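Okay, structure first, notes after.
Values quoted throughout were computed directly from the atomic coordinates according to the rules given, and no laboratory measurement underlies them. Being a predicted model, the structure only gives us computed values, none of them experimental. Please note: Cβ atoms are built from the backbone with ideal geometry, for glycine as well, and neighbour counts cover all protein chains shown.
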Amino acid sequence: MSTRARAAIQHATTNDSQVHYALDLGNTADSGQFVLGVPLNEVNGRSRTRLRTVAELYPAIVDPQLDDDDQPSCNALDSISRQEPFVNQTLAQHALALLARLFRYGTISYHGGFVSLVSGTCAPLRIEPKTWKGIQDRQKVEAARRRISAGS
């Protein structure tokens, strides 16, 4: 999904929206992430434990200036030539398992994860405000580096 598409989804699910959850999945050739968030909007007020959305944790993911329109789409023909087999399916299965736990038990201990087919791992994105703060702080540093690089 492009950054423009993610930005449009973020815009549509925040402020006066009444969307309760937003699930984002994205991948590279052999890895990817899935993040379930609760957009800050009319029905979801500010809360220390509100699940942060992918756009809140990783603002660059919705920055249209960073969109790479030259990348091929995820259609079947393109993905066969540039992606490891089953990367999309693996991410979808992890995301579905997360949703199943939420719907079945009414609670979850993580709200996303980072999957690597190279190492065979899935690192969970824990529901921890301290973790979210660390991610957001690192993203601010990265954004500053990008601005400095763009200026030189």
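The per residue volume of the convex hull around the alpha-carbon atoms of the chain is 138 Å³. Residue-wise HN-Hα couplings along the range 26-43, as the Karplus relation 6.51 cos²θ - 1.76 cosθ + 1.60 with θ = phi - 60° gives them from phi, are x, 8, 10, 5, 9, 7, x, 9, 9, 9, 9, x, 10, x, 7, 8, 4, 8 Hz; Gly and Pro carry x. How much FRET efficiency would the formula 1/(1 + (r/R0)^6) give for A92 and I148, where r is the Cβ-Cβ distance and R0 is 41 Å, rounded to 0.05? FRET efficiency, A92 to I148: 0.65. Placing +1 on the Cβ of every Lys and Arg and -1 on the Cβ of every Asp and Glu, with no other charges, gives the chain a dipole of roughly 760 debye about its Cα centre. Extending 7 Å from Cα along the Cβ direction at N15 and again at T107 yields two label points whose distance is 3.6 nm. Here the sum of -39500 (n - 2.57) over DSSP H runs of 4 or more residues, divided by the residues of the chain, equals -13500 deg cm²/dmol at 222 nm, to the nearest 500.
Converting phi to 3J(HN,Hα) with the Karplus coefficients 6.51, -1.76 and 1.60 and the offset θ = phi - 60°, the range 91-108 yields 5, 4, 5, 5, 5, 5, 4, 4, 5, 4, 5, 4, 6, 6, 9, x, 8, 9 Hz in sequence order, with x at every glycine or proline.
Backbone amide hydrogens, once placed in the peptide plane, bring R52 within less than 5 Å of V38, excluding anything fewer than 5 places away on its chain. Amide H contacts of L125 (H built 1.01 Å from N, in plane; Pro and chain starts excluded): H111, G112, G113, F114 sit under 5 Å, all sequence-distant by 5 or more or on other chains.
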